[in-house]
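The structure appears right after this line, and notes come after that.
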Amino acid sequence: MQLVTVAGPPSAGKTSVLLRIAETLQKQDKLHLGVIKFDCLSTRDQELYQNKGILTRVGLSGNLCPDHFFISNVEDCLAWGINRELDMLITESAGLCNRCSPHIRGALAVCIIDNLSGIHTPQKIGPMLKFADVVIITKSDIVSQAEREVFAFKVRQANTGAVITHVNGITGQGALEASRLFREAATFDSLQGCSLRFTMPAATCSYCLGQTRIGVDFQMGNVKKMDLT
Amino acid sequence: MRVGQILKLYPYAEDFFSVLPVTPNPKVTVTEFLLGIEDEVLQDLGQGTEDLIKRFNEFMRQMEQVKKVVDPIRSITIIGGQDKCGNAEDVCLTIRAGEIICIVGPTGSGKSRLLADIEWLAQRDTPTGRNILVNDRIPDAEWRYSTQHKLVAQLSQNMNFVMDLTVSEFLQMHAESRMVQDIDTVISNVINHANRFAGEQFSTDTPVTSLSGGQSRALMIADTAYLSASPVVLIDEIENAGIDRQSALKLLVDKQKIVLMATHDPILALMGNRRLVINNGKISKILTTTDSERRNLTILEKLDQQLTNVRNALRYGESIDRLPETLIGLWGEKVI
């Protein structure tokens, strides 16, 4: 089964773009698709995917770091997809802190970001963008040509190797083109022996374990202090 | 090479260093500097040293690519495929640089798909089965995903400026990303042209987000003509927001752009050399603008000008008790 990991900042249009790409993969390539949607607290995107005949499961990370939650579950997700005899499994996760690192070595890594997020955003996003194979830029229909060009240039500066392409999540313009890249994704029987492209954000301090009080006395574990000088 | 030397020879290297949390000493070499970054900083960055070195080399290579001038595009050829029912599209159309082609057809007829086929350089691999040639040849496959040499620039009525910058900062940024020589001249050219198109003047320190609709459109067109690398410009209507559309199109033509315009405004459509009529997913007719159409264009323009004058009268607080003779002549007897 082919595996694609998709990540991107909240509200970039990940689901809309994936729905459009899925449409062409179903229609043109007759693929049987599955999506695992990772989110924090709640999501209603499951219905959107299911309406298109895509097998969907939702993973809510709750109070855990969504990235850690993702990687501890991805193997089971893969097994689920293989069990259901899917041709392609797409995982969709929101990069909530910009330091997210959800991409797996060997699996097609896609990052979706939007033109409205500001031209400095590509520099601010970490491994989620820098280690992606494909960067899909959305909301290109509402900004000027110049801004589109500058934004793509900034993405190029942040990730020099990726394929950069534009998809309009509303009209589907560019989805056919992007779906050709999804077709190239590698296949997996299992994720044994695989590793992340880069380490995930670290944690494990007293606050990870439910501490709510503020003050030095309550800070334990992996704590980092700002330099305010 | 030492960091200082690199920055002097390749100023854009600054963009690479500025995102790093540590500032390099100009006297050390790039490798020394990158090797010297502490592990903790690397962890925060989400990158390893080796990876950073690789990235730096790749960054410099890519930026050099931006500067590279590619073979100019002299023509684009559309070879027909089939319509939505599978009927053949019997078309082989070559469009040359500096030509304006209009695209007409009802909603859903396939105008956007035609534009998308051109942008994607379709090779019988889209629903229409069309083939697109560039300079009479099958284009390189790598062109499709190239950001530096994107074939098509787009302008539509729905586009707005969203950056929080003034006109001059904005143009500066665009020019830098294109690595053009002599930035100042280019910027002043863009502003002069945009102001000439817009009618209502704006200054270099106006924020781009507070330009009027007409001013924005005028600036977008002038900017595309001078600063966009894309040889094909797709225009989805240009609203008649008091801008001189004829001069705006002429600038694009002067800059040897191939202009494709989806419009149902007769004044714009008749400015084109040819019109493609799209129906049920295929190009069903290609009309060449005739001499009598051009004569009619002059009349339509005069009428349009008169309407514009009425609008301006309204804008400047005048009364609209009297209309121009020609406008009344059309309807006067019947209406009154």
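Can you name every residue in the range B:208-228 that is of a type in the set (D, E, K, R) and without any contact (Cβ under 8 Å) to a residue 60 or more places away in the chain?
Result: B:Asp223, single match.
Residue-wise test of (1) under 24 Å from A:Asp227 (Cα atoms); (2) surrounded by fewer than 15 Cβ atoms within 10 Å (Cβ to Cβ); (3) more than 14 Å from chain A (Cβ to nearest Cβ).
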| position | (1), (2), (3) |
| --- | --- |
| B:Pro11 | no, yes, no |
| B:Pro21 | yes, yes, no |
| B:Leu34 | yes, no, yes |
| B:Gln43 | yes, no, no |
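More than 29 Å from B:Gly110 (Cβ to Cβ), within 14 Å of chain A (Cβ to nearest Cβ), touching a residue at least 24 places away in the same chain (Cβ under 8 Å) and among the charged types (D, E, K, R): is that true of B:Asp205 in this structure?
Against the criterion (more than 29 Å from B:Gly110 (Cβ to Cβ), within 14 Å of chain A (Cβ to nearest Cβ), touching a residue at least 24 places away in the same chain (Cβ under 8 Å) and among the charged types (D, E, K, R)), B:Asp205 does not qualify.
Any chance you could count how many residues in the range A:151-163 are β-branched (Val, Ile, Thr) and buried (at least 22 other Cβ atoms within 10 Å of the Cβ)?
1
Residues that are within 14 Å of chain B (Cβ to nearest Cβ): which strands (runs of 3 or more DSSP E) entirely in the range A:22-122 hold 1 or more of them?
Fully inside the range A:22-122 and qualifying: A:108-114.
Filter the range A:32-67 down to the residues that are among the basic types (Lys, Arg) and under 16 Å from the mean Cα position of the chain (by Cα), then identify the one that is nearest to A:Gly210 (Cα to Cα).
In this case the residue turns out to be A:Lys37.
How about the range B:35-46: which of its residues are within 20 Å of A:Arg156 (Cβ to Cβ) and without any contact (Cβ under 8 Å) to a residue 24 or more places away in the chain?
Scanning the range B:35-46 gives a single hit, B:Gly46.
With (1) within 28 Å of B:Val152 (Cβ to Cβ); (2) surrounded by 15 or more Cβ atoms within 10 Å (Cβ to Cβ) as the list, and B:Glu301 as the residue in question, which single condition is left unmet?
(1)
Conditions tested, residue by residue: (1) at positive phi; (2) of a type in the set (Lys, Arg); (3) touching a residue at least 40 places away in the same chain (Cβ under 8 Å); (4) within 14 Å of another protein chain (Cβ to nearest Cβ).
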residue	(1), (2), (3), (4)
B:Pro24	no, no, no, no
B:Gly48	no, no, no, yes
B:Asp83	no, no, yes, no
B:Ala116	no, no, no, yes
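What number of residues within the range A:157-170 are facing chain B (nearest Cβ under 7 Å) and at pLDDT below 90?
The total comes to 3.
Conditions tested, residue by residue: (1) part of a loop (DSSP other than H, G, I, E, B); (2) touching a helix residue (DSSP H, G or I) at 6+ places or on another chain (Cβ under 7 Å); (3) of a type outside the set (Gly, Ala, Ser); (4) within 12 Å of another protein chain (Cβ to nearest Cβ).
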position: B:Ser109; (1), (2), (3), (4): yes, no, no, no
position: B:Ser112; (1), (2), (3), (4): no, no, no, yes
position: B:Gly129; (1), (2), (3), (4): yes, no, no, no
position: B:Phe170; (1), (2), (3), (4): no, yes, yes, yes
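Sort out which residues of the range B:4-32 are farther than 22 Å from B:Met179 by Cα and among the basic types (Lys, Arg), and write them in order of number.
B:Lys27
Would you check if there is a residue in the range B:276-293 being more than 28 Å from B:Pro106 (Cα to Cα) and basic (Lys, Arg)?
no
Do we find a residue being in contact (Cβ under 8 Å) with a residue 12 or more places away in the chain, outside any helix (DSSP H, G or I) and more than 21 Å from B:Gln215 (Cα to Cα) anywhere in the range B:293-313?
Checked against the condition, which is being in contact (Cβ under 8 Å) with a residue 12 or more places away in the chain, outside any helix (DSSP H, G or I) and more than 21 Å from B:Gln215 (Cα to Cα), the range B:293-313 yields no hits at all.
Output the residue which, of all residues in the range A:171-182 that are small (Gly, Ala, Ser) and more than 9 Å from chain B (Cβ to nearest Cβ), is farthest from A:Leu89 (Cα to Cα).
Taking the candidates together, the pick is A:Gly172.
The values are calculated or read from the model by the stated rules, or taken from the named source; none is laboratory data. Note that the structure is a prediction, hence the values are computed from the model and not measured. Positions of Cβ are backbone-derived with ideal geometry, glycine not excepted, and every protein chain shown enters the neighbour counts.
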